[in-house]
Amino acid sequence: MAKGGQTPREPVSPRMQAAWKLKEAGDVVAARHAAERLLVEPSAPEDPAQAAELLRRGTTPPALYGYAALAALFLVLLVVLAATRY
């Protein structure tokens, strides 16, 4: 299984290689745009699957937003409890 910063397997087309290099360089937005273009007009048969994998890796998991909201609620609760005590 590939680690977070590695490509899952060797990209077939040069356009897919360029998209993965953009993501590994830290330009996730450009990599997502390149992957979306590859989904519309693939240049190799394996491009849609690899583009979908790149898009999946470049998206924030929805559960993360839930955890952030829960942490913010907990912080507000602690501030309110501290303010009512003093």
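The values are calculated or read from the model by the stated rules, or taken from the named source; none is laboratory data. The structure displayed is predicted, hence computed values, not measured ones. Positions of Cβ are generated from backbone atoms using ideal geometry, with glycine treated the same way; all protein chains shown enter the neighbour counts. Surface accessibility is based on the protein's heavy atoms, side chains included, excluding ligands, DNA and RNA. Shrake-Rupley method; radii C 1.70, N 1.55, O 1.52, S 1.80 Å.
Side notes on the structure shown:
Residue-wise test of (1) surrounded by 13 or more Cβ atoms within 10 Å (Cβ to Cβ); (2) part of a helix (DSSP H, G or I); (3) at pLDDT 90 or above; (4) under 13 Å from the mean Cα position of the chain (by Cα).
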site: Lys3; (1), (2), (3), (4): no, no, no, no
site: Glu10; (1), (2), (3), (4): no, no, no, no
site: Ala30; (1), (2), (3), (4): yes, yes, yes, yes
site: Pro45; (1), (2), (3), (4): no, no, no, no
site: Gly66; (1), (2), (3), (4): no, yes, yes, no
site: Ala69; (1), (2), (3), (4): no, yes, yes, no
site: Val79; (1), (2), (3), (4): no, yes, yes, no
site: Ala83; (1), (2), (3), (4): no, yes, yes, no
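- Of residues in region 47-64 being more than 17 Å from Glu10 (Cα to Cα) and surrounded by 10 or more Cβ atoms within 10 Å (Cβ to Cβ), the one farthest from the chain's Cα centre (by Cα): Arg56
- Restricting the first member to region 56-73 and to residues that are more than 19 Å from Val29 (Cα to Cα) and without any contact (Cβ under 8 Å) to a residue 60 or more places away in the chain, and the second to residues that are part of a helix (DSSP H, G or I) and open to solvent by 60 Å² or more (accessible area, probe 1.4 Å), no beta-carbon pair is closer than 6 Å while six or more apart or on different chains.
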